[in-house]
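Engineer: One structure follows; several queries about it will come next.
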Amino acid sequence: MKLTRRHFLRTTAGSLALPWLDAWAAHAPGQPRRRMVLLCAPLGLHPAYLFPEKAGKDYAMTPYLEVIKDFREDFTVISGLCHAGNSPGFAHQASASFLTGAQGAGRPGFQNSISLDQLAAEHLGTETRFPSLALSGEGAGLSWTRTGAPVPAEVSASRVFARLFLADSPEEARAQSRRLADGRTPR
């Protein structure tokens, strides 16, 4: 199975907290850089291709994990999680609470809380150029602020590329500074 960056950006709603590009990190020499990648596959994955049969470090690689086998010592596969109180009838709405665990997603009066990626960004975000990157292949994001407001997700692969790898023009840099000074989210 070949997984390209373009395929990833198109098909996966994800939140990348603490991006993996080493050049961005400003950290103490000798200290490991801390990163987090959280993925949501709302239409599901074939569990036998993702989750190892055996728990612990000596598990056999599965087809999905085989793609990232070179990083085996650097990631953890977590399984068996579920959100209590969510019924199967609200399964699709549950993605709103995928990273928060807040109950009642999709029901009237639902109030979300801070998502795991944003909590990590609050504590570790100073180690990277961008504290977090919320990405989506569909438009709806998975990230939420401390007050339960949605963090806008980027759906354009070209805009993500430009943000990560292209320098801003002087005018755009000034506009970014104004947005930050006004307390608005930078673009």
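The values are calculated or read from the model by the stated rules, or taken from the named source; none is laboratory data. This structure is a prediction, so every number in the text was calculated from the model and none was measured. Heads up, the Cβs are rebuilt from the backbone with ideal geometry, glycines too, and the neighbour counts pull from every protein chain shown. What goes into the accessible areas is simple: the full protein's heavy atoms, side chains included, and nothing from ligands, DNA or RNA. Shrake-Rupley method; radii C 1.70, N 1.55, O 1.52, S 1.80 Å.
Engineer: What does the accessible area of His83 come to, in Å² to the nearest 10, when a probe of 1.4 Å is used?
Structural biologist: Rounded to the nearest 10, that gives 60 Å².
Engineer: I need the shape label for segment 34-187. Rule: rounded when a/c is under 1.5, else prolate if a/b > b/c, else oblate, with a, b, c from the alpha carbon gyration tensor. Kindly include the intermediate steps, with their values, before the conclusion.
Structural biologist: Working: a/c = 2.16, a/b = 1.33, b/c = 1.62.
The shape class here is oblate.
Engineer: If you don't mind, there's one more thing I want to ask. Once both labels are modelled 7 Å past Cα along the beta-carbon direction, what's the Leu166-Phe110 spacing in nm?
Structural biologist: Distance between the two pseudo-spin positions: 3.5 nm.
Engineer: Also, I was wondering about something else. Residue by residue, what Karplus-based ³J(HN,Hα) values in Hz, rounded to whole numbers, does segment 163-172 have, using 6.51, -1.76 and 1.60 with θ = phi - 60° and x for Gly and Pro?
Structural biologist: Those phi angles translate into 5, 7, 10, 10, 6, 6, 5, x, 5, 5 Hz.
Engineer: For the pair Glu66 and Ser158, what calculated FRET efficiency results from E = 1/(1 + (r/R0)^6), where r is the Cβ-Cβ distance and R0 = 41 Å, to the nearest 0.05? List each step's numbers first, then the result.
Structural biologist: Details: r = 29 Å, r/R0 = 0.72.
The computed FRET efficiency comes out at 0.90.
Engineer: For Lys54 and Arg33, what is the calculated FRET efficiency with R₀ set at 25 Å and r taken between the beta-carbons, to the nearest 0.05? Before the final figure, lay out each step's value.
Structural biologist: Details: r = 29 Å, r/R0 = 1.15.
Rounded to the nearest 0.05, the efficiency is 0.30.
Engineer: On to the next question. If amide hydrogens are placed 1.01 Å from N in the peptide plane, which non-local residues have theirs closer than 5 Å to the one on Trp144?
Structural biologist: Here the answer is Ser115, Gln118, Val151, since their amide H atoms fall under 5 Å of that of Trp144.
Engineer: Continuing with this model, one more query. Using label points projected 7 Å from each Cα along Cα→Cβ, tell me how many nm separate Thr147 and Cys82, to one decimal.
Structural biologist: With each label point 7 Å from Cα toward Cβ, the separation is 3.5 nm.
Engineer: Give the accessible area for Arg107 in Å² (nearest 10); use a 1.4 Å probe, count only protein heavy atoms, and leave out ligands, DNA and RNA.
Structural biologist: Roll a 1.4 Å probe over it and Arg107 shows about 80 Å².
Engineer: When the solvent-accessible surface of protein heavy atoms is calculated with a 1.4 angstrom probe, in what order do Leu133, Leu124 fall, highest first?
Structural biologist: Output order, biggest surface exposure first: Leu124, Leu133.
Engineer: Quick one: which residues, 5+ away or cross-chain, put their amide H under 5 Å from the amide H of Leu133? H built at 1.01 Å from N.
Structural biologist: The answer is Leu16, Ala17, Leu18.
Engineer: May I pose another question? Sort Asp117, Asp70, Asp182 by heavy-atom solvent-accessible area, probe 1.4 angstrom, most to least. If you can, show how the numbers build up before the last one.
Structural biologist: Values: Asp117 0, Asp70 130, Asp182 105 Å².
The ordering from most to least exposed comes out as Asp70, Asp182, Asp117.
Engineer: Per residue of segment 117-132, in order, report the coupling 6.51 cos²θ - 1.76 cosθ + 1.60 (Karplus, θ = phi - 60°) as ³J(HN,Hα) in whole Hz, putting x for Gly and Pro.
Structural biologist: 5, 6, 5, 4, 4, 4, 8, 10, x, 6, 7, 9, 4, 10, x, 7
Engineer: What accessible area, in Å² to the nearest ten, does a 1.4 Å probe give for Ile114?
Structural biologist: For Ile114, the solvent-accessible surface is approximately 30 Å².
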